[in-house]
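Asks: Below are the structure tokens for one structure; questions will follow.
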There are 2 protein chains.
Amino acid sequence: MSKLLDDAIGELSRLPGIGRRTALRLAMHMLRMEQEDVARMTAAISRFRNEIKYCKHCNNLSDTDICDICSDPSRDKSVVCVVEQVGDVLSIENTRQYNGLYHVLGGVISPMQGIAPSDLKIDLLLDNIASGGIREVILAISTTVEGETTLFYLTRRLERFPDLKVTTIARGIGFGDEIEYADELTIAHALHNRMPVNRQ
Amino acid sequence: MSKLLDDAIGELSRLPGIGRRTALRLAMHMLRMEQEDVARMTAAISRFRNEIKYCKHCNNLSDTDICDICSDPSRDKSVVCVVEQVGDVLSIENTRQYNGLYHVLGGVISPMQGIAPSDLKIDLLLDNIASGGIREVILAISTTVEGETTLFYLTRRLERFPDLKVTTIARGIGFGDEIEYADELTIAHALHNRMPVNRQ
């Protein structure tokens, strides 16, 4: 077998969710791509891996020491939305409904996976709040067991700031979800937190 | 948003089956990989794209002008297994049941996708057979409509060699398949080509 092909398949199949069969399919696709397009792809990957930084203020990925969002004068610096990971920042930004800052924890507490509170960027968050100017912290954490544990832990740590408003994003039935397939806990929670319907 | 991250996501999501969400997941995984491991991956991709060749004899991917299989003196050069694509060579090699040569067509005839017989490496196959020494051609082509069309076309083109044995791989119920879910054509074919059962 071609060593060049074998190496490409071997390296690509180290990525999550990519087995040897998918790696072969990707390699064959790259053969059909222009040489310069493949070169641009590998260059983008290399630059990303070697040059990306973590924002010293919010732990988001950034090209500079302080990220675009933290250094944007038009953002409301009195509100901080705490998220698990970088992808959550992108998801919330895509809604165009939020104008505050973020804080990226870098995961959730998970004894099973050996992730302790000290592995997350929690102290940086507390330092930022202690520096003053933050009025509200929105905890936008997954409703998994690990997420709820993290939420509970953070809530406890934030008790040192009695004047701080601490909220979580609403739990309920997602848009497009069928109640038939929602679990009982979600339905019970959604019922309990029912909202008045706007009438004409 | 970080331009480095945006570029990496943009380039990765050009690959088939990889959307922006998967691209982000891959990018985040690369951040957790060692820098040198990512460098080895991009280098393997670049080398593969820039240095890989097609075997001048069988059209398989190769590091050299003639591939490992065609130049292996222990392989039986009197039998040629005709396959659609490089992945099929790997699949058949993995069975360790075949010791002949291959011929990679590079696809199947598909008027829908604009793939004509002239787009496939058919003339090279006929030239190889005309050069002599080939006793049998095994057509290992998919049982799709396009595959059957290609099979029919190849069979016609091979009529010029009346002494050549032309076979196709057996059609039937695959191992692990349930008859309940097999289509009628496959069942009818499998019934018609039934095999005697070995009895003690």
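Asks: Sort A:Tyr181, A:Tyr54 so that the residue with the fewest other Cβ atoms within 10 Å of its own Cβ comes first and the one with the most comes last. If you can, show how the numbers build up before the last one.
Replies: Details: A:Tyr181 7, A:Tyr54 18.
If I rank by nearby Cβ atoms, fewest first, I get A:Tyr181, A:Tyr54.
Asks: Any chance you could list the semi-axes, whole Å, largest first, of the equivalent ellipsoid that the Cα gyration tensor gives for region B:108-200, using √(5λ)? Don't jump to the answer; show the numbers that get you there.
Replies: On the way: eigenvalues 174, 81, 18 Å².
Semi-axes (√(5λ), whole Å): 29, 20, 9.
Asks: Say we join alpha carbon atoms closer than 10 Å with springs in a Gaussian network model of chain B; which of B:Arg25, B:Arg75, B:Arg135 then has the biggest fluctuation?
Replies: Maximum fluctuation in the GNM of chain B, among the listed residues, is at B:Arg25.
Asks: Still on this model: Name the lysines eligible as straight-distance cross-link partners of B:Lys53: C-alpha to C-alpha under 26 Å, and not fewer than 8 places from it in the same chain.
Replies: Here the lysines satisfying the reach criterion relative to B:Lys53 are A:Lys3, B:Lys77, B:Lys121.
Asks: Going by C-beta contacts inside 10 Å, put B:Val145, A:Val82 in order with the fewest on the left. Let's see the in-between values first.
Replies: Working: B:Val145 12, A:Val82 24.
Listed from fewest to most nearby Cβ atoms, that is B:Val145, A:Val82.
Asks: Within region B:68-86, find all residues whose amide N lies under 16 Å from a label point positioned 7 Å from the Cα of B:Arg135 along Cα-to-beta-carbon.
Replies: B:74-81
Asks: Against the 2.2 N^0.38 Å scaling, with N counting residues, where does the protein assembly as shown land? I'd like the Cα-based Rg ratio to two decimal places. Before the final figure, lay out each step's value.
Replies: On the way: Rg = 29.3 Å, N = 400, 2.2 N^0.38 = 21.4 Å.
That works out to 1.37 for the protein assembly as shown.
Asks: What number, rounded to the nearest 500 deg cm²/dmol, is the helix-based mean residue ellipticity at 222 nm of chain A, given -39500 (n - 2.57) per DSSP H run of at least four residues and division by all its residues? Each step should come with its number before you reach the end.
Replies: On the way: 7 runs with 81 residues, N = 200.
Here the helix-only value at 222 nm equals -12500 deg cm²/dmol.
Asks: Moving on to the next point. Give the long-range amide H neighbours of B:Ile115: residues separated by 5 or more places, or on another chain, with amide H under 5 Å away, using H modelled in the peptide plane at 1.01 Å from N.
Replies: Sorted by chain and number, the residues that satisfy this are B:Ser110.
Asks: Between A:Lys53 and A:Thr167, what length comes free when the chain is fully extended (0.36 nm per residue of separation minus the Cα-Cα distance, one decimal in nm)? The partial results should precede the final answer.
Replies: On the way: separation 114, 0.36 × 114 = 41.04 nm, distance 2.89 nm.
Length gained, A:Lys53 through A:Thr167: 38.1 nm.
Asks: Also, quick follow-up: If you put a point 7 Å past Cα along the Cβ direction, how far is that point for B:Asp72 from the same point in each other copy, in nm, smallest first?
Replies: The projected label point of B:Asp72 is separated from its counterparts by 5.8 nm.
Asks: What area, in nm² and to one decimal, does the C-alpha convex hull of region A:61-168 cast on average over all directions? Each step should come with its number before you reach the end.
Replies: On the way: hull surface 28.0 nm².
Quarter of the Cα hull surface area: 7.0 nm².
Asks: Per-residue HN-Hα couplings for region B:38-45, Karplus 6.51 cos²θ - 1.76 cosθ + 1.60 at θ = phi - 60°, whole Hz, x for Gly and Pro?
Replies: So the J values, rounded to whole Hz, are 5, 4, 5, 5, 5, 5, 5, 5.
Asks: Output wanted: per-residue J couplings in Hz (rounded whole) for region B:139-156, from phi through Karplus 6.51 cos²θ - 1.76 cosθ + 1.60, θ = phi - 60°, x for Gly and Pro.
Replies: Once rounded to whole Hz, the list reads 8, 9, 10, 4, 8, 8, 4, 5, x, 5, 4, 5, 4, 4, 4, 5, 4, 5.
Asks: Looking at the calculated P(r) for chain B, what percent of the C-alpha pair distances fall above 27 Å? Before the final figure, lay out the partial values.
Replies: Numbers: 9911 of 19900 pairs.
Of all Cα-Cα distances in chain B, 50 percent exceed 27 Å.
Asks: Per residue, how big is the convex hull around the C-alpha atoms of region A:3-51? Give it to me in cubic angstrom, could you?
Replies: Working: hull volume 3.9 nm³, N = 49.
Residue-normalised Cα hull volume stands at 79 Å³.
Readers should treat all values here as calculations from the given coordinates under stated rules, not as data from a laboratory. Bear in mind the structure is a predicted one, so any value in this text is a computation, not a measurement. Don't worry about glycine lacking a Cβ; one is built from the backbone with ideal geometry, like all the others, and counts go over all protein chains shown.
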